[in-house]
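Below: the structure, in structure tokens.
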Amino acid sequence: MVAAFSKSTQVLYFHPSLGQQRFVKLKFLLWPVVALQVVACFPRIQQMNLFQKYCLELWKTGLCDPKAIGACLGLGAELIQYILQQLEQMGMLDHTQMPFSQQTNEVVSGYVFQDPFTGKFWPRFAAQLEFGDVEYDEKQRILLNAGTPNNPRKEKPFRLLMEQNSLVYIPNAEQIWQICCLHHQDWLLNQDQVIETEPILAGHTSNLEQISVLSAKPHPYLLVVPLLVLKNLDGKIGNWQMVDPFGLGPNPFFNELLAQRIREDESLSSILQEIPSEDSQPSHAESLWKAAKDLVEEKLGHDIIQSYPQLWENLSKMEMAYARLIPNGSKFLRQHEGIHAGVLACMDGLQLVHEMLGSKMCWIGQGLISQDRQNNAKLLEKIAVKLGFSSLPRCFQYVSLSQIQQAADTANAPSLAAAMVVALLICNRNPKHPFASIVSRCPELLNDLSAIIELDKKGHESVSKQSDIRSIVYKMIQNLLPLPA
């Protein structure tokens, strides 16, 4: 079966995230792929309603008494017992009511993709196709809008050419099943979930019987594939790496495919040879960045910065900004970048505390009401005083419940204020927890954090307090984590 690519071939772009990594080079490729629409039996995690989810999360924290769970959720013990029975029937708890995850299967329609150069199928499944926003220049070359509506950015991707029409074949049921399972495994890794998935790869007869190919006609497309050259924390420059064009995350398949294409395609090999040499003289900006990182290492110690690389990154940005080392930037930009980097460093420290103490669902049973901020402000003030703080600054009193939930239940706190409120709620649930002793070591923590938040808002108006924020940030980090004073 033949798939023909032409100048009018449509472009697929799934908008994968480039992550927070520092890259020294970025290129976009247009990679020919062949899409086939299929019906697949796709593995999925058992779905739960809100009450079932909360009960399971509280059970995992060790809160096993139905009365105690009911007190946290504001529900009766009989109802909680019924919910626990539902979870057991769903396979989320075994007969001894120990939690575990069970996968079920769902029949879905979607697309699988074949690489026309090698004939291999990509380990990805897409429920629907997403098309790129493209234009054409005067020479009919494709221009890709790789930015956002608020920050548009045009790119000229390099198109891989097929020397002849592609020969493709229709995958059988077992191959489609394995593609879906591999996709599902990478999705689980991307969600930081650990679920036993090896048994499903074998494929059961009942699963395979539900799989079919909807359209035997192959559809050629050009898939947008980002390539990055990353710089490691030690300053060394790596090789070109393919970003998962479907947005799930790393998979050895992608870089193996790229390496083979570089070996066989001279034009691609030629454009990817422009990588800065590790032996070349570092630029002025690189030298200044190294000096900032060395300063943070000197303050915190080598073991600490190796343990918390993201924290090291943000503290280094703060040092670089306050030393006025950021090149080609305005005075205001340098000042405000330093303030904001300090905020991010504080959030890094609090996030590490959340992970160590277990912050999920800490807001449940604390009396917070989503539509009553006055009530929440009084409760949070009471908690802060109970823990030993003299008062609770206003910026923490009126954090919305939705922001508190996001900071507690995800790794993406919306603000420094929300992250700190979560830490207070954790301590309120368990006043004997070691984190509660931070009051004796840093009684002005909340006022200091309030000052940082205010400085971040004002930015350039706070030049006289630039030295203060650095000391506040380091003091907070040293009291949050087991760091040397």
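The values are calculated or read from the model by the stated rules, or taken from the named source; none is laboratory data. Bear in mind that the values here come from a model prediction, so they are computed numbers and not experimental data. Every residue, glycine among them, receives a Cβ derived from its backbone with ideal geometry; neighbour counts consider all protein chains shown.
Yes/no per residue for (1) of a type in the set (S, T, Y); (2) outside the structural domain of D448 (by TED's automatic domain parsing); (3) buried (at least 19 other Cβ atoms within 10 Å of the Cβ); (4) within 30 Å of the chain's Cα centre (by Cα):
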residue	(1), (2), (3), (4)
K360	no, no, no, yes
D372	no, no, no, no
A377	no, no, no, no
Y398	yes, no, no, yes
D409	no, no, no, yes
L424	no, no, yes, yes
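Scan segment 107-142 for residues that are over 25 Å from N251 (Cα atoms) and in contact with a Gly (Cβ under 9 Å, 6 or more places away or on another chain) and the total you get is 1.
Criterion applied to Q21, Q37, Q10 was being modelled with pLDDT under 85 and surrounded by fewer than 21 Cβ atoms within 10 Å (Cβ to Cβ), and the one residue passing it is Q21.
Pairs meeting the criteria (first residue in segment 338-350 and in the same structural domain as E313 (by TED's automatic domain parsing), second residue among the aromatic types (F, W, Y) and assigned to a helix (DSSP H, G or I), beta carbons under 8 Å, at least 6 apart or on different chains) are G338/Y322. Scanning segment 260-278 for residues that are surrounded by 13 or more Cβ atoms within 10 Å (Cβ to Cβ) and modelled with pLDDT of 85 or more yields Q260, R261, I262, D265, L268. R429 meets all of the listed conditions (1) under 27 Å from L50 (Cβ atoms); (2) without any contact (Cβ under 8 Å) to a residue 12 or more places away in the chain but one, namely (2). Within segment 159-174, restricting attention to residues that are at pLDDT 85 or above and surrounded by 16 or more Cβ atoms within 10 Å (Cβ to Cβ), the residue that is nearest to H219 (Cα to Cα) is P171. Restricting attention to segment 428-457 and to residues that are at pLDDT below 65 and in a helix (DSSP H, G or I), the residue that is nearest to A292 (Cα to Cα) turns out to be F435.
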